[in-house]
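In what follows, a structure is listed as C-alpha cells, so that the remarks can point back to it.
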Amino acid sequence: MVNYEALITLVSSFPSIVAGLIFLRLYLKYRALVVLFLMGVWFSISLELIFLSFAYNSGSIELFKLSLVFLALVAVFIQLGIDQLVFGRIVLITLSVVTVASAYGLYTIFFLPSVVQGIIGNNQTLVVINPARSILSILGLYVSLLIWAYTLYIYYKSPPSLKFYALLNFIGTTIFAPLTVILFGLGANDIFIATTELSSGIGMILVAISFYKAPSLLFTIPYQVYELFVISKNQGLNLYSYAWTVNEGNKTNRFLAASTIESTSMMYSEAFKSGNLREIRLKKGLLLFNDVHSNEIYFVLFTNKSSEILMAALDLFANNFSQRWISRKNLDPQSLNELIDECFDFVPIK
C-alpha cells in the first residue's frame, strides 16, 4: 500500500534540492559566505524532508528524530545567512541564541521519552508533542520572522530594476517561512498530510527563482558599493570611473580619491610593492586598492566595507583592464561598462 504522506514529503524535497543546486552554482561563481550559508539552508531542508519521508514510510522513530537534526541545522544556517546578509559578518550573540535553542529542542526529543509519540493508528503518522513541538515552533517562528523581515527590507531597499524579483522573493519567503511554521504549530499535517512540506516547497521554488534571476538581491544590503576609479599613478589622472549609485551624497570626490592615492603611493610605496596595502578607511567609507605596477595604474573601489567577494571582483577587473591597457584595445566606455557588468554583476545599481 502506498504511503501518500511519505511520497508527498519525498516529492516536497525536490524544490529544496533544486534551490540548493542553484545556490551551489552561485557559490562557485561568487565564493561568498552568505551564499554558502544559504546553500546549507536548502540542502539541510532537503535532507530533513528525505529522512522524514523515510520515517513516515517505515514508522521509525529514530529516522524521525534524525530528520529534526537537519531541521535544527536549518535554523542555524538561516541565522548565519541573515547575519552575513545584514551585517556582513557572523554575530555571535544571535548565533548562540539560535544554537542553544536548537540544541535544547533536540535534547528534549532525543532524551525525554514522553516527547515523541510513536505510530498513531494505521496511518504511520509521527507526532511531536509538547514541549518539543512548542520549542521547535517558537524557534522556527523566530527564524522565519527574521528572514521574512529581511526579505521585506530587501524589497524596500532594492532598486527599481530588481523590484519584481524582490517581490517574488518576499512572496516565496512568506510562504516558505512564517506560513509554514504557523501551519506546523497548528498541526495542519494532522488534518491534511504533508501540508507544511507542500507549502515550504512552493515557497522555496519562488525564492530560488528570484535569487537565480537576480543574484544581486543577495548583496543589496551588506555591500554598498559606490564607485570605481582607475587612476594613473604618475599623472594622478582619472582614466576611468563607474558609479553604481546616483546619490551624490554617497559619491567620493575624484580629486580627493586621486590625492589620497598619490600621497599614499609616496608614503607606502614599499607596502604597495609587497601587496600589503589593500585598503584605507575613510570617514564615510573604505577605499579598496589593486595596483598594477608594470602599468602604474591604481584601481580603487569606494565601498562601505571590505569583503572577499569585492576584492576578488576588483582583482578580476584589474587584470582584464590591464590586458586591455597593454594592447590598447576595448578601452572605450561601452566596452569597459560591459566589463564592469561582467566582474561586478552582483552589485545592484541604485
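The values are calculated or read from the model by the stated rules, or taken from the named source; none is laboratory data. Given the structure is predicted, the values throughout are model-derived calculations rather than measurements. Neighbour counts are summed over all protein chains in view; Cβ atoms, including those assigned to glycine, are modelled from backbone coordinates with ideal geometry.
Things to note:
- Test for Tyr212: is it touching a Leu at 6+ places or on another chain (Cβ under 7 Å), at pLDDT 75 or above and not assigned by TED's automatic domain parsing to the domain that holds Trp244: no
- With respect to (1) at pLDDT 80 or above; (2) under 27 Å from the mean Cα position of the chain (by Cα); (3) not charged (D, E, K, R), the lone exception for Trp325 is condition (2).
- Number of the condition not met by Phe87 [criteria: (1) modelled with pLDDT of 80 or more; (2) aromatic (Phe, Trp, Tyr); (3) surrounded by fewer than 19 Cβ atoms within 10 Å (Cβ to Cβ); (4) closer than 29 Å to Thr303 by Cβ]: (1)
- Given (1) at pLDDT below 75; (2) closer than 30 Å to Val347 by Cα; (3) surrounded by fewer than 19 Cβ atoms within 10 Å (Cβ to Cβ), index of the condition Leu95 fails: (1)
- Within the range 45-84, the set of residues being β-branched (Val, Ile, Thr) and either within 23 Å of the chain's Cα centre (by Cα) or at pLDDT 85 or above (or both) comprises Ile45, Ile50, Val69, Val74, Val76, Ile78, Ile82.
- Top-ranked residue of the range 150-178 - restricted to ones that are modelled with pLDDT under 85 and closer than 17 Å to Ala75 by Cβ, ranked as farthest from the chain's Cα centre (by Cα): Pro178
- Restricted to the range 305-332, and to residues there that are of a type in the set (Gly, Ala, Ser) and buried (at least 16 other Cβ atoms within 10 Å of the Cβ), the residue that is farthest from Ile231 (Cα to Cα) is Ser307.
- Any hit, the range 21-30, residues being modelled with pLDDT of 85 or more, buried (at least 17 other Cβ atoms within 10 Å of the Cβ) and more than 11 Å from the chain's Cα centre (by Cα): yes
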